[in-house]
Amino acid sequence: MIPPIPDLADYGISPTHGFLPDVLPLARLPDPYYNKWEAIAANLQALVLSRRLRGVVDRLPVLSTVGLEHEAEWRRAYSLLCFMAHGYIWGGDQPCETLPPPITVPLLAVSERLELPPVATYAAVCLWNFKPLFVDEGIESLENLATLNTFTGSIDESWFYLVSVAIEATGGPIIPLMLDAMAAAREDDADTVTRRLRAFAERLTDLTTILQRMHESCDPLIFYNRIRPFLAGSKNMAEAGLPNGVNYDNGSGVPDYRLYSGGSNAQSSLIQFFDIALGIEHRPTGEKRDSAAASESEREGKPRHHPAPQHNFIMDMRRYMPGPHARFLGDVGAVANIRAFVEARPRNQQLRLAYDACLAMLSAFRDKHIAIVTRYIVVPSREVRARSRSRSPEATRRRLNIASASRQGGGGPGEPGAVGGTGKKLKGTGGTALIPFLKQARDETGEPAVEEWTRRFMRRTNKAEGSGDFFLGKPDPAATVTEEVEVNGLAWAWTVDDEVGGICSY
C-alpha cells in the first residue's frame with residue numbers, strides 16, 4: 001500500500017511559515033519561577049564579558065520543568081538553557097568541560113521532551129529565537145525581525161541568525177506546494193506538477209536573494225572570532241580544549257561525557273526537504289557518481305537513480321532537528337515521486353524544463369552559500385593564521401576555543417601542531433576540505449537534470465568557480481584557496497575516514 005501524503009498538522013509544521021512555529025516564540029517564560037533563567041539570558045553578554053557567568057550559574061538552584069505547560073514554553077526553555085550552556089562552556093579563557101546540574105538537569109529534561117540533543121542546535125538559535133518588530137507585518141522580511149537572545153549582543157550575531165529565519169519564513173510555503181505536486185503526480189496531473197515546480201523555482205530565487213544579504217550587517221571577522229566559537233559543539237574538539245567532549249553533570253557523581261555537533265544550518269529541515277522533494281541524492285564526500293551506469297541508463301531511457309548511503313552527514317544532522325520535523329522528512333522521502341514522474345515523461349518539455357529550473361535555482365543557492373563560507377570561515381582563518389605568526393606564542397594562545405585552535409596549528413596538514421594533526425588529512429574540517437564538501441553537494445544538486453543541455457550548462461557553470469568576488473562582482477584573489485587551511489566547521493561532524501558525508505550547511 002502506498003503511504004499517504006504527509007499532513008503538515010501531524011508534524012507541527014505551518015503551511016505558511018514552514019518549520020518556524022505557528023505560534024511566535026515566547027520572549028519570556030510566563031511563570032516567575034523561571035525568572036532566574038530569564039535574568040541570566042538578559043544579562044548573558046555582560047556576564048560573559050566579566051567572566052562571571054560560570055559563578056552565577058553554579059549558584060543557581062536546580063529548577064524543575066514541571067511548570068512548563070505549552071509547547072512554546074518548552075521551546076523557550078530549551079533556547080534559554082542552550083544559550084546558558086554554550087556561554088558557560090565557551091565564555092572563559094579556557095573552555096569548561098563540565099556543565100553543572102543547574103543547567104544539565106533541566107536541559108536534559110527539556111531536550112528529551114522536544115526530541116533534541118542538549119546542545120545549541122539550529123532550532124535553539126534560529127527557529128525559536130526571533131520576534132517580529134511589528135506583529136501586523138510578515139516575518140519574511142529581515143526589516144521586521146529581531147532576535148530574542150544572543151551570546152555577544154552584536155548586530156552581526158543577530159543578523160547571522162535572522163537571515164536564516166527569513167529564509168525559513170520565505171521558503172515555508174514551498175512545503176505544501178511540493179506536497180501538492182506529489183499528490184498531483186499520483187493522479188497523473190502533469191499540468192499541476194508543472195505549475196508547482198515553476199512556483200518552487202521562483203520562490204528559490206527569493207531565498208538566494210535573502211542569503212546574499214548576509215554581508216549587509218554581519219562582518220566576517222566578527223563572525224569568525226567572536227560569534228562562531230560560541231556555536232561550537234563538543235565533537236572533535238580536542239584542539240579547542242575539550243578532548244573528551246562535555247561532561248553533563250546531573251548531580252549523581254557519575255561522569256557523563258557526551259560528544260555533540262554544534263549549531264549549523266545543516267540542521268535546517270527546509271533545505272533537506274528541497275532535496276527530498278526533487279529526488280536529489282548526496283554521496284559521502286569524495287565519492288564519485290557511477291558515470292558509466294548513468295550513461296547506460298540515459299541511453300536506455302531508464303530513470304537515473306543511484307541511492308545514496310543512509311548513514312551519512314545528512315542523516316546524522318536529522319538527529320539535531322526537532323523530532324516531528326525529522327520524522328516528516330523521513331515520511332516525505334517515502335512518498336517523493338517528482339523525479340520519477342518527470343523522468344517517465346520525456347516528451348513533456350514544459351514539465352522537464354520546470355523540473356530542471358528548480359535544480360538550477362537550488363544549485364545557484366548552494367553556489368552563493370559556498371561564497372559565504374569562503375568569506376566568513378576560510379578567508380578569516382587564513383588571515384588569523386597569518387597574524388598569529390607575527391605574535392608571541394603567549395599572546396596567540398591566551399584564549400582557547402575553535403577560532404584560536406585554528407591559528408595555533410604550527411605545522412602543515414597532518415603535522416604536530418596543526419588542527420587535527422594526526423598524520424591524516426581531516427576531511428571536512430580544513431578549509432580546502434570544507435569547500436570541496438560543499439561543492440560536491442552543489443554538483444549533486446544538478447545531477448538529476450533531465451535535459452542534456454541543462455546538465456552540460458550546469459557542469460560548465462560549476463567549473464567557473466572562484467573567479468570573482470561574490471558580493472561585489474570583482475576579482476577576489478583571497479577567496480581562491482590555494483593552500484590547505486585548518487579550520488573547523490561549525491557542525492564538527494566529519495571523521496578522518498569520512499564515513500559520513502553529504503551536505504554541510506546549505
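What follows draws every value from the coordinates through simple rules; no lab data is involved. The model shown is predicted, which means the values in this text are computed figures rather than measured ones. FYI the Cβ positions are ideal-geometry reconstructions off the backbone, even for glycines, and counts take in every protein chain you see.
At 0.36 nm per residue, minus the direct Cα-Cα distance, what do SER50 and SER64 gain on full extension? Give it in nm, one decimal, please. Spell out each step's value before the answer.
Working: separation 14, 0.36 × 14 = 5.04 nm, distance 2.81 nm.
Computed gain between SER50 and SER64 is 2.2 nm.
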When a footprinting reagent is the concern and you count Cβ atoms within 10 Å, what order do GLU444, GLU137 take, fewest first?
GLU137, GLU444
Given the peptides 73-80, 349-356, arrange them by the average over their residues of other C-beta atoms within 10 Å, most packed first.
73-80, 349-356
By the scheme Lys and Arg +1, Asp and Glu -1, what is the net charge of all other residues having a beta-carbon under 9 Å from that of PRO324?
-1
Measure off 7 Å from each Cα along the Cα-to-Cβ vector at ILE5 and ARG387, then give the distance between these two points in nanometres to one decimal.
5.3 nm
Run the numbers for TYR33 and LYS288: contour at 0.36 nm per residue of separation, minus the present Cα-Cα distance, in nm.
86.2 nm
Scoring only Lys, Arg, Asp and Glu (+1, +1, -1, -1) among other residues with Cβ under 12 Å from the Cβ of LEU116 yields +2
Integer Hz, Karplus 6.51/-1.76/1.60 couplings in order for the range 172-185, x for Gly and Pro
x, x, 5, 4, x, 4, 6, 5, 5, 5, 5, 5, 5, 4
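When you count, for each residue, the other Cβ atoms within 10 Å and take the mean per peptide, how do 167-177, 190-200 rank with the highest first? Spell out each step's value before the answer.
On the way: 167-177: 22.5, 190-200: 20.2.
Those peptides, ordered most packed to least, come out 167-177, 190-200.
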Could you sort the peptides 239-248, 212-221 by per-residue average Cβ neighbour count (10 Å cutoff), highest mean leading?
239-248, 212-221
Checking the a/c ratio against 1.5 first, then a/b against b/c, what shape does the Cα gyration tensor give for the range 149-188?
prolate
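Give me the net charge of THR194's neighbourhood, meaning all other residues with Cβ under 11 Å from the Cβ of THR194; Lys, Arg count +1, Asp, Glu -1. Provide the component values of the computation, followed by the final result.
Values: positive: ARG195, ARG196, ARG198, ARG345, ARG352; negative: ASP189, ASP191.
Neighbour charge sum, excluding THR194 itself: +3.
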